[in-house]
Amino acid sequence: MDLLSHLTDEVQSGEALAEQFGVSRVAIWKQVQKLQQEGYPVLSEKPRGYRLLPGTPTPQQVSARLKGQLGRNYHYHGTVSSTQDVARQLATEGAPHGTVVLAEKQTRGRGRRGKVWNTPVGAGLYFTIILKPQFAVSELSLLPLMAGVAVREACGVGLLKWPNDLITEKGKMSGMLLEADVRAEEVHHVLLGIGINVVPEGLPEGAVGLGSFVPEVNRAVLFAEVMHQLELWMGMTEMAVLQAWRKHSGTLGREVQVQTPRGMVQGRAVDLDARGLWVETPEGRTCVTAGDVSLVGTV
């Protein structure tokens, strides 16, 4: 019984659903319980019936809104260990470019440097997209910048914190995680993990949802727009990506502390390019290619 594909934003009675599937109302109730336990945002509205949380990004809702090829091969889950883990397995098995794994809940979701990312059911969009770009290893560093610009354009609000966050004055709204499979100096595939907080309530401390700035966010619509923007910006030149990133930057011109593998770098962020973030320190200007940035003077 594929009950999930038959549920919509509108309430359907248990009796009507039972008639559609040729089963008892008790069987429908048990299936609803199972879907809820698996992490899907299925709502029970006694005595009227059942529906999905409005804007739930089911395959049916997503496919109707996609404009390009990214996301056409779409895997929607209730609960997984991590969308990165599932996508990695699919990539190993030959999943095509643009395959997306999205989950309502991750039991071992993670961000940069192994940080845990808890994802309340229905609170946002948390997914990984498999990319098989045709470029050299040296060009990989541009991908996080491109992804940041794409997410900023899709959300319409926020500032970019190097290398992979979308922030607001109220907290972090989105984060990105990039993992590359490089073989013999060639990029076999890239796993681009993206998390976007949507709802304004129930998020961890320091996090903020898009719904705090944009009313009535439809997650399926937002997901389709992210796919559209990613596809658009992947076709842009390096100069265009850098200009757009600088335009929406919340990092440049700020005093920063960057924890790098070689130690702490502190100074004023003055520019960025495909190599990394340029920081003016008392010892001179240096390029940081990887690290965690803290904006001095903010929480």
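The values are calculated or read from the model by the stated rules, or taken from the named source; none is laboratory data. Owing to the predicted nature of the structure, the values given are computational and were not obtained by experimental measurement. Glycine also receives a Cβ, built like all others from the backbone with ideal geometry; neighbour counts cover every protein chain displayed.
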Residue match in region 27-45 (condition: over 25 Å from the mean Cα position of the chain (by Cα), in a loop (DSSP other than H, G, I, E, B) and not hydroxyl-bearing (Ser, Thr, Tyr)): no
Failed condition for GLY55, given (1) in a helix (DSSP H, G or I); (2) on the phi > 0 side of the Ramachandran plot: (1)
Lone qualifier among ALA290, ALA224, ALA244, ALA269 - being assigned to a strand (DSSP E or B) and touching a residue at least 60 places away in the same chain (Cβ under 8 Å): ALA269
Selection status of ILE167, among the β-branched types (Val, Ile, Thr), part of a strand (DSSP E or B), in contact (Cβ under 8 Å) with a residue 60 or more places away in the chain and out of contact with any Lys or Arg (no Cβ under 8 Å at 6 or more places or on another chain): no
LEU66 being on the phi < 0 side of the Ramachandran plot and either part of a helix (DSSP H, G or I) or not assigned by TED's automatic domain parsing to the domain that holds ASN218 (or both): no
Candidate set: region 85-108, residues that are closer than 17 Å to GLN37 by Cα and polar (S, T, N, Q); chosen: the one surrounded by the most Cβ atoms within 10 Å (Cβ to Cβ): GLN106
Counted residues, region 178-192 - those being in contact with a Pro (Cβ under 9 Å, 6 or more places away or on another chain) and within 28 Å of VAL279 (Cβ to Cβ): 4
All positions within region 98-116 that are at pLDDT 95 or above, part of a loop (DSSP other than H, G, I, E, B) and in contact with a strand residue (DSSP E or B) (Cβ under 6 Å, 6 or more places away or on another chain): THR99
Scan of region 1-35 for residues that are without any contact (Cβ under 8 Å) to a residue 40 or more places away in the chain and among the aliphatic types (A, V, I, L, M), ordered by number: MET1, LEU3, ALA16, LEU17, ALA18, VAL23, VAL26, ALA27, ILE28, VAL32
Filtered residues of region 155-164 (kept if closer than 22 Å to GLU201 by Cα and in a strand (DSSP E or B)): LEU159
Hey, LEU191 free of Cβ contacts under 8 Å to residues at least 60 places away in the same chain, in a strand (DSSP E or B) and either surrounded by 15 or more Cβ atoms within 10 Å (Cβ to Cβ) or of a type outside the set (Lys, Arg) (or both) or not: no
Residue selected from region 139-164 under the condition farther than 25 Å from ARG108 by Cα and without any contact (Cβ under 8 Å) to a residue 60 or more places away in the chain, by the criterion surrounded by the most Cβ atoms within 10 Å (Cβ to Cβ): LEU140
Residue in region 22-32 that is surrounded by 15 or more Cβ atoms within 10 Å (Cβ to Cβ), outside the structural domain of PRO133 (by TED's automatic domain parsing) and touching a Leu at 6+ places or on another chain (Cβ under 6 Å) present: yes
Search result, residues across region 257-270 that are within 19 Å of LEU145 (Cβ to Cβ) and modelled with pLDDT of 95 or more: ALA269, VAL270
